[in-house]
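Below is one structure; the comments refer to it alone.
The values are calculated or read from the model by the stated rules, or taken from the named source; none is laboratory data. Since we're looking at a predicted model, the values are computed, not measured. With ideal geometry, Cβ positions are generated from the backbone for all residues, glycine too; neighbour counts draw on all protein chains shown.
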Amino acid sequence: MPPREYNTVDEVEALHKDEQFDMRFPSYLGFWKRSVPGLDEEPRFDMYDEPHLKRKKQILKDHPEIEELYGYDTNTVWITLATVCAQVGLAYLFGRVLTDWHWTMVLVAYTIGGSLSTQIGIIFHEFTHNLCAATSLQNRWVGNLGNIPMIIPLAQSFRRYHLEHHTYQGVYGYDPDLPLEWEIRLIANDPIKKFFWLIIYGVMYLGRGLAQQKQLSRWELYNWAWTLVCDLAIYQLCGA
């Protein structure tokens, strides 16, 4: 149901004293209440549309010159290659050379390795939106390249579910960025559970897909095979 039209924020607030007005007015009309940890047991839901498409239309109407900035940046390919080489290089360093530097390895893995893995996550997002190369196929292979040091096949599943997120943004049961009912019940408002849940959040894309009984796509199957081959190659190169 679309939100009712009002003239001013004051008029709306006068009608709904007990609810908080969405200050994205007038681009987005609606009322919302956020879920407060420690007070609310259930997440908040509303029936209003999401604002991104409206914002896009309004921004382009006011500033059409923004479209001149559209396009892809092939520098991301070189950044991806450098990031992958750095990850594999560190694996070789501690797997073949500094084999007794255990605590140093843990520290480097947490700081440098964690930062590089975050960079890979950003690259996944860029290739998903075809921002790394001219064609969709080329972008997919940028994603596969970035997946080499990640051990598990993430690139193509991220692409699939992130695009579904944009298609069904905010729609429960369809937007894969929203937690499923069992996640809500399991994690609830427990800060410790939330901490560990966030650590494995990337894997939750796969978990939600399995929970919703979604079949793996052709590219996801390719990603699994590619990752298996890369993992075996890294194991042989860098050692156990």
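Remarks
- Lone unmet requirement of (1) surrounded by 12 or more Cβ atoms within 10 Å (Cβ to Cβ); (2) touching a Ser or Thr at 6+ places or on another chain (Cβ under 9 Å) for Leu81: (2)
- Checked against (1) at negative phi; (2) touching a residue at least 12 places away in the same chain (Cβ under 8 Å), Asn130 meets all criteria but (1).
- Taking first residues from the range 49-72 that are modelled with pLDDT under 90 and partners that are surrounded by 13 or more Cβ atoms within 10 Å (Cβ to Cβ) and in a helix (DSSP H, G or I), the Cβ contacts under 9 Å between residues at least 6 apart in sequence or on separate chains come to His52/His166.
- Within the range 212-240, the set of residues being hydrophobic (A, V, I, L, M, F, W, C) and in contact with a helix residue (DSSP H, G or I) (Cβ under 8 Å, 6 or more places away or on another chain) comprises Leu216, Trp219, Trp226, Cys230, Ile234, Leu237, Cys238, Ala240.
- The set of residues in the range 192-240 that are in contact with a Phe, Trp or Tyr (Cβ under 9 Å, 6 or more places away or on another chain) and either in a helix (DSSP H, G or I) or β-branched (Val, Ile, Thr) (or both) comprises Gly202, Met204, Tyr205, Leu206, Arg208, Gly209, Ala211, Ile234, Leu237, Cys238.
- Pairs linking a residue in the range 175-198 that is more than 11 Å from Pro43 (Cα to Cα) to a residue that is assigned to a helix (DSSP H, G or I) and of a type in the set (Val, Ile, Thr), with Cβ atoms under 8 Å and 6 or more positions apart or on different chains, are Lys193/Ile187; Lys194/Ile187; Trp197/Ile187.
- Tally, over the range 122-154, of residues that are in a helix (DSSP H, G or I) and at pLDDT 95 or above: 21
- Trp101, sole failed condition from (1) in contact with a Phe, Trp or Tyr (Cβ under 9 Å, 6 or more places away or on another chain); (2) under 30 Å from Gly170 (Cα atoms): (2)
- Ala86 passes every criterion in (1) at pLDDT 95 or above; (2) buried (at least 18 other Cβ atoms within 10 Å of the Cβ) apart from (2).
For every residue, the table says whether it meets (1) farther than 18 Å from Ile148 by Cα; (2) surrounded by 12 or more Cβ atoms within 10 Å (Cβ to Cβ).
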position: Ile187; (1), (2): yes, yes
position: Asp190; (1), (2): yes, yes
position: Arg218; (1), (2): yes, no
position: Tyr222; (1), (2): no, yes
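- Of everything listed in (1) surrounded by fewer than 16 Cβ atoms within 10 Å (Cβ to Cβ); (2) of a type outside the set (A, V, I, L, M, F, W, C); (3) in a helix (DSSP H, G or I), the single unmet condition for Glu183 is (1).
- Scanning the range 188-211 for residues that are touching a helix residue (DSSP H, G or I) at 6+ places or on another chain (Cβ under 7 Å) and modelled with pLDDT of 85 or more gives Lys193, Lys194, Trp197.
- Per the listing Ile112, Ile151, Ile120, the residue uniquely of a type in the set (A, V, I, L, M, F, W, C) and in contact with a Ser or Thr (Cβ under 7 Å, 6 or more places away or on another chain) is Ile120.
- Candidate set from the range 192-211 (those that are among the charged types (D, E, K, R) and within 26 Å of Ile123 (Cα to Cα)); member that is surrounded by the fewest Cβ atoms within 10 Å (Cβ to Cβ): Lys194
- Scope the range 91-104; condition part of a helix (DSSP H, G or I) and either loosely packed, with under 14 Cβ neighbours inside 10 Å or in contact with a Leu (Cβ under 7 Å, 6 or more places away or on another chain) (or both); matching residues: Tyr92, Arg96, Val97, His102, Trp103, Thr104
- Restricting attention to the range 113-157 and to residues that are small (Gly, Ala, Ser) and surrounded by fewer than 22 Cβ atoms within 10 Å (Cβ to Cβ), the residue that is nearest to Val88 (Cα to Cα) turns out to be Gly113.
- Residue in the range 201-212 that is under 20 Å from Leu116 (Cα atoms) and touching a residue at least 40 places away in the same chain (Cβ under 8 Å) present: yes
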